[in-house]
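The values are calculated or read from the model by the stated rules, or taken from the named source; none is laboratory data. Quick caveat, the model's predicted, so the values are computed rather than measured. Cβ atoms come from the backbone with ideal geometry, glycine included; neighbour counts cover every protein chain shown.
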Ligand SMILES: Nc1ncnc2c1ncn2[C@@H]1O[C@H](COP(=O)(O)OP(=O)(O)OP(=O)(O)O)[C@@H](O)[C@H]1O
Ligand SMILES: [Mg+2]
């Protein structure tokens, strides 16, 4: 944004991206009341000309598969140092699928999305949209629409004008524009009265709906969302989350949605693509990811509260395999029997370091389990208990590892109480525990998340 002032007048020039077309807005504002003298917007003339030539391209079949093949993004950072933001990504997003990219900050989600949109050059590999290799196709010709976190609405246009603008640039007939805007508004619950308001007279959630509406009216083959709900409060996020899911059911378009919120990923995605350090860690349906995480990183990233993890070894005792916790000196290790059905896969790991994982809901207070098997009981000290009404969250420690249990009972537990918990070992997971020495960062600190990605699932 550029601004300059003369006497009592300020001129603001702003360029932004509307449906991937660069647009320049110019506004004169008068001090002190900030009244508008005049505002208007210009599309880049070259972009406009080529759009006019192609304005009917949107009428064909909406089905579109997106294929990402051996894609890399390498940035040149400070002092010419190369930064690999996306590394050898391979993924097929099926036609009409809702795919969610999830992962911690900096893992390459936005970069991947922006390469699909054409806003970022692809360093190596290929991207195909609907069988067409799009590496060299400009964003406006990819038949996609992107919704950003910061809405990017034009403040001086009404909601109606904001939604109609992209179609006007493409020379759509007035009646068609009107029908599409009103249809989109109805789908998103924007009233005719709201269509006449300026964005500043809308709430955050309503503004985000307008941004989504602007994408819908285009009827793109692929919708790309980059953290579209991050600016909303918790309640509005939940509401918009359901609305976007309903929208997908209704429009049946291919949608790719970026978030770092694992709850959004679990609830919205047909499939989830978990990323870390520019690499895909796992692609699967939400419950498959939850029940069978590919490695320790996925196991601890998906699920809230997260999966409990204990380092230790597998040992053979009186014809049964048991997990024995690795403890600080002088402490009695947590020892629990492995479920029979998991034994065959763990035979080769006897005596080797493993990580035992169990979700909080698979640990229950012994008094609430009928006839518990002593081999599956874990003893630990409760440090804090949180009554949630429907369940109780217990924060416990073995002395070496801390963990959480979600009991179905309404328990009242005093701090420092020793408790016995029954582990549902049928739902337990075991991961290879690779040497942490290979994952040391500066100052001797371990890069835990990177180490976790190397600890693959055994069973
Ligand atoms: N222009 C750039 N030059 C150098 N490095 C960059 C550039 N843009 C992004 N990166 C780096 O690439 C990596 C991936 O960035 P990206 O924006 O894709 O992450 P993200 O997963 O979307 O994270 P967030 O959740 O924070 O939005 C990061 O390490 C980032 O610092
Ligand atoms: Mg991002």
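Yes or no: residue 371 more than 15 Å from residue 396 (Cβ to Cβ) and either without any contact (Cβ under 8 Å) to a residue 40 or more places away in the chain or assigned by TED's automatic domain parsing to the domain that holds residue 408 (or both)? Please lay out each step first, then the result.
Working: more than 15 Å from residue 396 (Cβ to Cβ): yes; either without any contact (Cβ under 8 Å) to a residue 40 or more places away in the chain or assigned by TED's automatic domain parsing to the domain that holds residue 408 (or both): yes.
Considered against the rule, which asks whether it is more than 15 Å from residue 396 (Cβ to Cβ) and either without any contact (Cβ under 8 Å) to a residue 40 or more places away in the chain or assigned by TED's automatic domain parsing to the domain that holds residue 408 (or both), residue 371 comes out as yes.
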### Task
Output the residues belonging to the range 98-112 that are near ligand 2 (Cβ under 10 Å from one of its atoms), surrounded by fewer than 23 Cβ atoms within 10 Å (Cβ to Cβ) and either farther than 25 Å from residue 221 by Cα or outside the structural domain of residue 268 (by TED's automatic domain parsing) (or both).
105, 106
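For the range 424-445, give me the residue count where each residue is surrounded by fewer than 12 Cβ atoms within 10 Å (Cβ to Cβ) and touching a strand residue (DSSP E or B) at 6+ places or on another chain (Cβ under 8 Å). Full working, then the answer.
Step one: of the range 424-445, the residues surrounded by fewer than 12 Cβ atoms within 10 Å (Cβ to Cβ) are 426, 435, 437-438, 441-445.
From the residues that got through so far, the ones that are touching a strand residue (DSSP E or B) at 6+ places or on another chain (Cβ under 8 Å) too are none.
Summing the residues that are surrounded by fewer than 12 Cβ atoms within 10 Å (Cβ to Cβ) and touching a strand residue (DSSP E or B) at 6+ places or on another chain (Cβ under 8 Å) in the range 424-445 gives 0.
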### Query
Could you say whether any residue in the range 368-380 is buried (at least 16 other Cβ atoms within 10 Å of the Cβ), in contact with a strand residue (DSSP E or B) (Cβ under 6 Å, 6 or more places away or on another chain) and under 14 Å from residue 308 (Cβ atoms)?
yes
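Would you confirm whether any residue within the range 346-354 is part of a helix (DSSP H, G or I), free of Cβ contacts under 8 Å to residues at least 60 places away in the same chain and within 16 Å of ligand 1 (Cβ to nearest atom)?
Quick first cut of the range 346-354, residues part of a helix (DSSP H, G or I) only: 346-349.
Okay, now just the ones that are also free of Cβ contacts under 8 Å to residues at least 60 places away in the same chain, so 347-348.
Subset that is within 16 Å of ligand 1 (Cβ to nearest atom): none.
The answer is no, given that none of the residues of the range 346-354 is part of a helix (DSSP H, G or I), free of Cβ contacts under 8 Å to residues at least 60 places away in the same chain and within 16 Å of ligand 1 (Cβ to nearest atom).
Residues checked against (1) within 16 Å of ligand 2 (Cβ to nearest atom); (2) surrounded by fewer than 15 Cβ atoms within 10 Å (Cβ to Cβ); (3) at pLDDT 95 or above:
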{"position": "117", "(1), (2), (3)": "yes, no, yes"}
{"position": "134", "(1), (2), (3)": "no, no, yes"}
{"position": "170", "(1), (2), (3)": "no, no, no"}
{"position": "175", "(1), (2), (3)": "no, yes, yes"}
## Note on the structure
The one condition residue 256 fails out of (1) more than 16 Å from ligand 2 (Cβ to nearest atom); (2) buried (at least 16 other Cβ atoms within 10 Å of the Cβ) is (1)
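Which of the residues belonging to the range 120-132 are away from ligand 2 (no atom under 12 Å from the Cβ) and touching a helix residue (DSSP H, G or I) at 6+ places or on another chain (Cβ under 8 Å)?
As a first pass, look at the range 120-132 and keep what is away from ligand 2 (no atom under 12 Å from the Cβ): 121-132.
If the condition is that a residue be away from ligand 2 (no atom under 12 Å from the Cβ) and touching a helix residue (DSSP H, G or I) at 6+ places or on another chain (Cβ under 8 Å), then 121, 122, 127, 129 are the ones that fit.
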### Query
Taking interchain pairs and intrachain pairs at least six residues apart, which have beta carbon atoms under 6 angstrom, with the first residue in the range 394-423 and loosely packed, with under 15 Cβ neighbours inside 10 Å and the second part of a loop (DSSP other than H, G, I, E, B)?
408/391
## Note on the structure
The one condition residue 148 fails out of (1) closer than 30 Å to residue 247 by Cα; (2) modelled with pLDDT of 95 or more is (2)
### Message
Step by step: first the residues of the range 314-330, then only those that are at pLDDT below 95 and part of a loop (DSSP other than H, G, I, E, B), then the one that is nearest to the chain's Cα centre (by Cα). Which residue is that?
### Response
328
### From the options 228, 220, residue that is within 16 Å of ligand 2 (Cβ to nearest atom), within 26 Å of residue 129 (Cα to Cα) and buried (at least 20 other Cβ atoms within 10 Å of the Cβ)
228
